[in-house]
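Worksheet: the structure to be examined is printed underneath.
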Amino acid sequence: MTPAAPPPVSPPPVSPSPIAPPAIVRRDLIRLNASPADKAAAIREAAQMLVAAGLIAPAYAGSMERREAVANTFLGAGVAIPHGMVEDRGMVRGNGVAILQIRDGVTWNDGQTARLVVAIAATSDAHIGILRRLTRLLQDEDRLARLMVTDQPGDILRALTDDAGAAGGSGMPAGDLPRSFTWTVDYPTGLHARPAASWADTARRFAGPIRVRHGTETADAKNMIPLLQLGLRAGDEITVSADGADADRALERMRAVMTRISAEEQTAARRAAERAAAPTTGWTPPADDRSPVIAGLAASPGLAIGRVHLLATGPLTVPDRPVPLIEGGDILHDALQLTREQLKVLADDTARRLGAAEAGIFQAQAGLLDDADLVTLTCQLMVEGHGVAWSWHEAVERQASALARLDNPVLAARAADLRDVGRRVLLRIDPSLKAGGADDLPDEPCILIAPDLSPSDTAGLDTGRVIGLATAQGGPTSHTAILARTLGLPAMVAGGGSLLDLEPGTRVILDGQAGRLYPDPSDAAIASATAWAAEQQAQRLRDAEQRGLPARTRDGHTVEIGANVNRPDQVAMALDQGAEAVGLMRTEFLFLERSRTPDEDEQYAYYRDMAAALDGRTLIVRALDIGGDKQVAHLGLPHEDNPFLGVRGARLLLRRPDLLEPQLRALYRAAADGARLSIMFPMITSLGEVLELRRIAEGIRTELGAPEVPLGIMVEVPSTAIQADIFAPHVDFFSIGTNDLTQYGLAIDRQHPDLAAEADSLHPAVLRLIAMTVDGARKSGRWVGVCGGIAGDPFGAALLVGLGVEELSMTPRDIPAVKARLRQLDHVALQRLAAEALAAGTAADVRALEGRLS
Ligand code: PEP
Ligand code: MG
């Protein structure tokens, strides 16, 4: 490896303009080791210092005491900031502060001990500068602790005048620090929150000040918001400068981080462009149409035309409920801390699921929480007597609007980031606000935009009000996407951050089949999309006419068609679509939809209702499949670094009899009542698991005196497909979960947006695993079904039937098209086609065979 070239650090500029310490903090107004008898004495002592310095009239001391009666001036962490009443400002003669260090502390209020009393005299807004520094100090507990005991007034002076990181971009002079380098921004979408967070993060590792200047605007590099306020776009030239003993190293690191991010940003932009240019099978806008497009991944077909609603970004009214300052400070502190933890979990989880670059979204959001200006402004508003939620919201709104006002798309996007993280904190401060949740929808049907949606969020969507959804993250085989298909909602996932930058209310066309979203479409585009949707609808109607007929090929081969539904109230709709059975009931949604584990009785009632809704038709209930992307917080399962390869599905069931046994008891009780059900175990990876699960099931059955029910297994991992002949004598049926079989067979995380296009269940290797399962099952006369997503794709379904699959279970809305397709084909031809598919080299070769079907 070649060692990295040293950065071109320039000699000191001709006229560096370091920041002069504000005159309001003076060494002669710092008194160390003071020992006032009580709070009143402390205020008087500090006031006398201010009087002696000519900064206040003697009567202002009384005003300071009066203030204490109406407001709490304890800022937190041992710091109090006594100051006078607003109406007594006339008694202030100059700007300054008097600082008492009280090592033994003095009780300020019940439970609050002040060790640093900063009495403020301010004619104007000058005290805001001090507050900024103080609130910044509050976040640096170690440094603050040292100030409480130091015998060097200089330490306190420096802490309150040190501008590194304390000043915002707007207030900072334009001068460069002595060491510097210039750099041209080459991030295609400019400096947005994620890289800005990395810059600030890097800068904060160094003690000396670091600045970034663009033209006459200078920002403190340690602070993300001023950095964003520079509004840097691709091509902008900036100067990064530093001072202090470690200036050279700081600049070297800054440059390394800035250029490393260039590569990442350019790759991301290229991928987005490639996706936008890729051919699509959905609607295509008129050829001469120049409407912008946001490209994501197709998750659920259909076109939706409507206005967007950004989840968690709608307007919000936050009541102003003042609380004592100390309480407010604690609430704010806890909310920030909890949000940081939440973002850390999200970032870890996202890094694992989607990759480090995507996780950066949450790291960047966490970076916004470290912003001193934001916290300072909140504290100031609280000190002025406002409630903590109101103050936080106001501070976020002021900062975000300042960013949005600059008429720069890059900054407008950052405003969205800030508001998003602001809401997280707000909900921690006051959970009753329910800011912008999915239950906070506009009256008009809308297209929902969200960073991501959990399966239970998606499951709970009101389809009367949401006509489509698009998420910035997520993958097309995620449960969210599956649920969107179940709900019949056009959906796109992995649309990237630009989705979240859309103004609420923007009119868009969402094409869930192509995975595209067109903001502000032209009239011509809307007309064409409307016509296309009408044609699709007509086709659906033609298919629907036959949906009640069996899926019998022209040469008389019949395939059973089941629906994947989880709730009794969805059964009628599934039957209406032409379902003949329920081929997959995912019971984990019983657990995901509530905040506690449903007990045996509840589950029994649920399974019984489900079977009743099916009125004698087959019901295949899958035992709990928790793990992977289906995490249930209330189960308190240990964190796993790689949950898709961890204790998931059958592995969890065997380790948690408290989950498995009540579920089996509930199922057998329903069977004893006459429910016609089969039990299916998920994520089977070894024969030992099957034997053990059968043994437990049989024990419970005999104990309850229930009838035998078919016991089947999911084929979701290659080992099980390969050993199907070994499993077959011990199971009654197989159902192939192609979503997971594709994930594990091709080693592609099913939620990975960058790899989603490659995670094609029609990959010949996946088809071979399916063929092996069918062969293995036949040896013992067992039937094989498929309940993964590909069963609902008309061409995929045809190939599966050619491979010998006897049952297909899918989201109900896919049923009419699949049935219609199979009814047009010959089984013999499909067998030939399947043989060709097995011999194909790539998924694209397999898909190309579709043209050969008549
Ligand atoms: C599958 O993996 O294809 C399947 C049906 O199970 P799930 O999607 O619930 O993991
Ligand atoms: Mg699965």
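Taking the range 695-722 only, how many residues are of a type in the set (S, T, N, Q) and either in contact with a helix residue (DSSP H, G or I) (Cβ under 7 Å, 6 or more places away or on another chain) or within 16 Å of ligand 2 (Cβ to nearest atom) (or both)?
Counting residues in the range 695-722 that are of a type in the set (S, T, N, Q) and either in contact with a helix residue (DSSP H, G or I) (Cβ under 7 Å, 6 or more places away or on another chain) or within 16 Å of ligand 2 (Cβ to nearest atom) (or both) gives 2.
Looking only at residues that are in contact (Cβ under 8 Å) with a residue 40 or more places away in the chain and closer than 10 Å to Ala798 by Cβ in the range 809-826, which one is surrounded by the fewest Cβ atoms within 10 Å (Cβ to Cβ)?
Here the answer is Gln824.
Is at least one residue of the range 776-785 under 18 Å from Leu584 (Cβ atoms), away from ligand 1 (no atom under 12 Å from the Cβ) and outside any strand (DSSP E or B)?
There is at least one residue in the range 776-785 that is under 18 Å from Leu584 (Cβ atoms), away from ligand 1 (no atom under 12 Å from the Cβ) and outside any strand (DSSP E or B).
Only residues that are at pLDDT below 95, away from ligand 1 (no atom under 16 Å from the Cβ) and either part of a loop (DSSP other than H, G, I, E, B) or in contact with a Lys or Arg (Cβ under 9 Å, 6 or more places away or on another chain) (or both): list them for the range 617-641, please.
Once the filter is applied, which keeps residues that are at pLDDT below 95, away from ligand 1 (no atom under 16 Å from the Cβ) and either part of a loop (DSSP other than H, G, I, E, B) or in contact with a Lys or Arg (Cβ under 9 Å, 6 or more places away or on another chain) (or both), the range 617-641 yields His634, Leu635, Gly636, Leu637, Pro638, His639, Glu640, Asp641.
Name the one entry in Ala765, Ala798, Ala777 that is over 26 Å from Val582 (Cβ atoms) and away from ligand 2 (no atom under 13 Å from the Cβ). Break it down into steps so the answer makes sense when it comes.
Working: Ala798 fails: over 26 Å from Val582 (Cβ atoms); Ala777 fails: over 26 Å from Val582 (Cβ atoms).
None of the others qualify; the one that does is Ala765.
List the number of the failed condition for Met258; all other conditions in (1) crowded, with 18+ Cβ neighbours inside 10 Å; (2) at pLDDT 85 or above; (3) over 26 Å from the mean Cα position of the chain (by Cα) hold.
Against the list (1) crowded, with 18+ Cβ neighbours inside 10 Å; (2) at pLDDT 85 or above; (3) over 26 Å from the mean Cα position of the chain (by Cα), Met258 comes up short only on (3).
Would you pick out the residues in the range 641-675 that are surrounded by 19 or more Cβ atoms within 10 Å (Cβ to Cβ) and in contact with a strand residue (DSSP E or B) (Cβ under 8 Å, 6 or more places away or on another chain)?
Pro643, Arg648, Gly649, Ala650, Leu652, Leu653, Leu664, Leu667, Ala670, Ala671, Ala675
Kindly provide the set of residues from the range 695-733 that are over 19 Å from Gln663 (Cα atoms) and surrounded by fewer than 20 Cβ atoms within 10 Å (Cβ to Cβ), ordered by number.
Answer for the range 695-733, where residues must be over 19 Å from Gln663 (Cα atoms) and surrounded by fewer than 20 Cβ atoms within 10 Å (Cβ to Cβ): Pro718, Ser719, Ile722, Gln723, Asp725, Ile726, Pro729, His730, Asp732, Phe733.
Take the residues of the range 676-694 that are of a type in the set (Gly, Ala, Ser) and either free of Cβ contacts under 8 Å to residues at least 60 places away in the same chain or surrounded by fewer than 18 Cβ atoms within 10 Å (Cβ to Cβ) (or both): which is farthest from ligand 2 (Cβ to nearest atom)? Can you show your working first?
Here is the first cut: in the range 676-694, the ones of a type in the set (Gly, Ala, Ser) are 678, 686, 688.
Going one step further and asking which of them are either free of Cβ contacts under 8 Å to residues at least 60 places away in the same chain or surrounded by fewer than 18 Cβ atoms within 10 Å (Cβ to Cβ) (or both), we end up with 686, 688.
Numbers: Ser686: 17, Gly688: 20 Å.
For the range 676-694, the residue satisfying everything is Gly688.
Could you list, in sequence order, the residues of the range 541-576 that are within 16 Å of ligand 1 (Cβ to nearest atom) and either among the basic types (Lys, Arg) or under 35 Å from the mean Cα position of the chain (by Cα) (or both)?
Gly562, Ala563, Asn564, Val565, Asn566, Arg567, Gln570, Ala574
Mind counting the residues in the range 723-738 that are within 16 Å of ligand 2 (Cβ to nearest atom) and among the acidic types (Asp, Glu)?
0
Considering only residues that are within 16 Å of ligand 1 (Cβ to nearest atom) and either modelled with pLDDT of 85 or more or more than 19 Å from the chain's Cα centre (by Cα) (or both), which ones fall in the range 461-510?
Matches in the range 461-510: Arg485, Thr486, Leu487, Ala491.
Given the condition of a type in the set (Ser, Thr, Tyr), touching a residue at least 60 places away in the same chain (Cβ under 8 Å) and either away from ligand 2 (no atom under 16 Å from the Cβ) or assigned by TED's automatic domain parsing to the domain that holds Gly745 (or both), answer yes or no: does some residue in the range 658-673 qualify?
no
Does Gly78 satisfy being closer than 20 Å to Ile43 by Cβ and at pLDDT 80 or above?
In short, yes.
For every residue, the table says whether it meets (1) under 16 Å from Val786 (Cβ atoms); (2) out of contact with any Ser or Thr (no Cβ under 8 Å at 6 or more places or on another chain).
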position: Thr811; (1), (2): yes, no
position: Pro816; (1), (2): no, yes
position: Lys819; (1), (2): yes, yes
position: Leu830; (1), (2): yes, no
position: Ala835; (1), (2): no, yes
position: Ala844; (1), (2): no, yes
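Going by what's in this entry, would Leu762 be described as assigned to a helix (DSSP H, G or I) and either crowded, with 20+ Cβ neighbours inside 10 Å or free of Cβ contacts under 8 Å to residues at least 40 places away in the same chain (or both)?
no
In the range 790-808, which residue that is closer than 21 Å to Ala299 by Cβ and surrounded by fewer than 24 Cβ atoms within 10 Å (Cβ to Cβ) is nearest to ligand 1 (Cβ to nearest atom)?
The selected residue is Asp793.
Could you list, in sequence order, all residues of the range 602-627 that are in contact with a helix residue (DSSP H, G or I) (Cβ under 7 Å, 6 or more places away or on another chain), more than 16 Å from ligand 2 (Cβ to nearest atom) and within 24 Å of Asp740 (Cα to Cα)? Steps first, answer last, please.
Here is the first cut: in the range 602-627, the residues in contact with a helix residue (DSSP H, G or I) (Cβ under 7 Å, 6 or more places away or on another chain) are 603-604, 606-611, 613-614, 619, 621, 623-627.
Those left that are additionally more than 16 Å from ligand 2 (Cβ to nearest atom): 603-604, 606-611, 613-614, 619.
Within the range 602-627, Leu619 is the sole residue that qualifies.
So which residues in the range 192-220 are of a type in the set (D, E, K, R), more than 30 Å from the chain's Cα centre (by Cα) and buried (at least 22 other Cβ atoms within 10 Å of the Cβ)?
Arg211, Arg213 - these are the residues of the range 192-220 that are of a type in the set (D, E, K, R), more than 30 Å from the chain's Cα centre (by Cα) and buried (at least 22 other Cβ atoms within 10 Å of the Cβ).
Kindly list the number of the only condition in (1) away from ligand 2 (no atom under 13 Å from the Cβ); (2) among the basic types (Lys, Arg); (3) more than 25 Å from His557 (Cβ to Cβ) that fails for Arg750.
(1)
The values are calculated or read from the model by the stated rules, or taken from the named source; none is laboratory data. Just so it is clear, the structure is predicted and the values come from calculations on it, not from any experiment. Every residue, glycine as well, gets a Cβ built from its backbone with ideal geometry; the counts of neighbours run over all protein chains shown.
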